[in-house]
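> Dumping the structure here so I can ask a few things about it.
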Amino acid sequence: MLNSNSDRIITVIHCTIKSKPEAFENWIKDRASKYVYDLKEENTISYEWYLSENRKEASLIETFVDSEGAIQRLKNHSKSPIANEVLEHVDIKSVYCFGNAKKDLIEIFSAWGAKFQTHFCGFNIINYRG
């Protein structure tokens, strides 16, 4: 069944990698992803990094149950030990927020220069195991 009303939030942060690719990849696997995973944030659905073939660009795609989940992720990030490390490895080039973001999330992400698109219609397979 198609959904025309969803609270889900998807964020995409596109970056250029400025550290050595191997150092960045190790930081993602051994530090950043592990740290976020261990937080066990209740409203975080996914946290996934994608790398370009030449390993000069990366995108972090996160999915949340709702705006509150995205806000909690940002709050946890701002007080985490990895917050300062991020900019040692990447320059953020663009930030996108997809979904029906609430005002407080829009305010936070607007400071990052984010572009917003509201949810319109579609579907997802919740039990997909990829």
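The values are calculated or read from the model by the stated rules, or taken from the named source; none is laboratory data. Everything numeric here is computed off the predicted structure, so don't read it as measured data. Ideal geometry is used to build each Cβ from the backbone, glycine not excepted, and the neighbour counts take in all protein chains shown.
> How many residues are surrounded by 13 or more Cβ atoms within 10 Å (Cβ to Cβ) and either modelled with pLDDT of 95 or more or of a type in the set (Gly, Ala, Ser) (or both) if we restrict to the stretch 77-92?
Total satisfying the criteria: 4.
> Right, something else. Would you check which residues across the stretch 3-50 are in a strand (DSSP E or B) and of a type in the set (Ser, Thr, Tyr) and list them?
Thr11, Thr16, Thr44, Ser46, Tyr47, Tyr50
> I'm checking my understanding of the structure. Among residues of the stretch 1-12 that are within 20 Å of Tyr96 (Cα to Cα) and of a type outside the set (Ser, Thr, Tyr), which one is nearest to the chain's Cα centre (by Cα)?
Of all residues in the stretch 1-12, those within 20 Å of Tyr96 (Cα to Cα) come to 5-12.
From the residues that got through so far, the ones that are of a type outside the set (Ser, Thr, Tyr) too are 5, 7-10, 12.
On the way: Asn5: 21, Asp7: 16, Arg8: 13, Ile9: 10, Ile10: 7, Val12: 5 Å.
My answer is Val12.
> A further question on this structure: For the stretch 13-27, indicate whether the set of residues that are within 18 Å of the chain's Cα centre (by Cα) and of a type in the set (Gly, Ala, Ser) is non-empty.
no
> Consider Ile9 carefully, then state whether it is in contact with a Phe, Trp or Tyr (Cβ under 9 Å, 6 or more places away or on another chain) and within 30 Å of Gly122 (Cβ to Cβ).
Yes, satisfied.
> List the residue pairs whose Cβ atoms are under 6 Å apart, where the first residue sits in the stretch 11-27 and is more than 19 Å from Phe116 (Cβ to Cβ), the second is assigned to a helix (DSSP H, G or I), and the two are 6 or more positions apart or on different chains.
Close Cβ pairs satisfying both conditions: Ile17/Phe24; Ser19/His89; Phe24/His89; Trp27/His89.
> Follow-up. Whether any residue in the stretch 90-111 is among the small types (Gly, Ala, Ser), without any contact (Cβ under 8 Å) to a residue 12 or more places away in the chain and within 23 Å of Leu39 (Cα to Cα) is what I want to check. Don't jump to the end; show me each part of the working.
First, pick out the residues of the stretch 90-111 that are among the small types (Gly, Ala, Ser): 94, 99, 101, 110-111.
Keeping just the survivors that are without any contact (Cβ under 8 Å) to a residue 12 or more places away in the chain gives 110-111.
Narrowing further to those that are within 23 Å of Leu39 (Cα to Cα): none.
No, because not a single residue in the stretch 90-111 is among the small types (Gly, Ala, Ser), without any contact (Cβ under 8 Å) to a residue 12 or more places away in the chain and within 23 Å of Leu39 (Cα to Cα).
For every residue, the table says whether it meets (1) closer than 18 Å to Cys15 by Cα; (2) surrounded by fewer than 16 Cβ atoms within 10 Å (Cβ to Cβ); (3) in contact with a His (Cβ under 7 Å, 6 or more places away or on another chain).
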{"residue": "Val36", "(1), (2), (3)": "no, no, no"}
{"residue": "Ser46", "(1), (2), (3)": "no, yes, no"}
{"residue": "Leu51", "(1), (2), (3)": "yes, yes, no"}
{"residue": "Asp66", "(1), (2), (3)": "no, no, no"}
{"residue": "Arg73", "(1), (2), (3)": "no, no, no"}
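> Glu53 versus (1) modelled with pLDDT under 95; (2) in a loop (DSSP other than H, G, I, E, B): which is the lone unmet condition?
(1)
> Oh, and also: Among the residues that make up the stretch 73-82, is at least one of them touching a strand residue (DSSP E or B) at 6+ places or on another chain (Cβ under 8 Å), without any contact (Cβ under 8 Å) to a residue 40 or more places away in the chain, among the basic types (Lys, Arg) and not in a loop (DSSP other than H, G, I, E, B)?
yes
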